[in-house]
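The values are calculated or read from the model by the stated rules, or taken from the named source; none is laboratory data. Source: prediction; values computed, not measured. Neighbour counts are summed over all protein chains in view; Cβ atoms, including those assigned to glycine, are modelled from backbone coordinates with ideal geometry. Please note that ligands, DNA and RNA were not included when accessible areas were found on the heavy atoms of the full protein model with its side chains. Shrake-Rupley method; radii C 1.70, N 1.55, O 1.52, S 1.80 Å.
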Amino acid sequence: MTIDEIIAFVEGLDGTLVVRPEAGDGSPEISWGDAFFSYAPDGVVPQATQPFATIVTKNYPGDETSRLDRPGAFRVNAAVGRETFTDRTGHAPGEPAGDDPGATDVVIAHPVYGSAAWLAVVNPGPRTDAAVRQLLRHACDLARARYERRRRAG
C-alpha cells in the first residue's frame with residue numbers, strides 16, 4: 001500500500017476530510033508530508049476533536065521507535081476503540097505490548113498512543129492491506145458515531 005492508495009481509500013469513506021499539510025499553508029513544518037483524517041461531513045476541520053487516523057512520514061519528538069527516518073518509511077495510525085484494539089493485540093490498551101514498533105507490515109499497538117486504543121502499521125503491505133482498510137473504516141465509523149452523538153446533544 002502506498003500513502004496515496006491509503007488516502008484515496010479514506011477519501012472514499014462518506015463524510016471524511018483529509019488534511020495534508022504542506023509548506024505555505026500555515027501548518028507546522030514537522031507536519032508537512034503527513035495526512036490527517038477526520039470525520040467532517042461539512043468539510044470543515046473539526047476544532048474539538050482529534051483525527052480518527054493519521055499517516056506520519058517521519059519521527060516526531062518522543063515518537064522515534066518506529067524508525068520512520070528510514071527511506072520510504074511511513075506509519076498509518078488509527079483510533080479503533082478499546083474492543084477492536086484488544087481483539088487485534090490480545091491485550092487491553094495501556095498494557096505492555098512487546099511489539100517491535102519498527103516492524104513493517106504488522107498491526108501493532110501505537111508506540112505512543114496505544115494506551116488510547118490506537119493501532120499502527122509501518123509500511124503496510126500484502127499482510128496488512130485488508131486489515132488497514134478495515135481498521136480505517138472502523139475508526140471512521142467510531143468518529144461518525146461520536147459526531148452524531150455530539151450533534152444530537154448540542
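Summary of computed values
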| quantity | calculated |
| --- | --- |
| Condition check for Gly15: in contact (Cβ under 8 Å) with a residue 60 or more places away in the chain and open to solvent by less than 50 Å² (accessible area, probe 1.4 Å) | yes |
| Sole residue being over 15 Å from the mean Cα position of the chain (by Cα) and either within 18 Å of Ala8 (Cα to Cα) or aliphatic (A, V, I, L, M) (or both), chosen from Ala116, Ala153, Ala78 | Ala153 |
| Failed condition for Leu17, given (1) in a strand (DSSP E or B); (2) touching a Lys or Arg at 6+ places or on another chain (Cβ under 8 Å) | (2) |
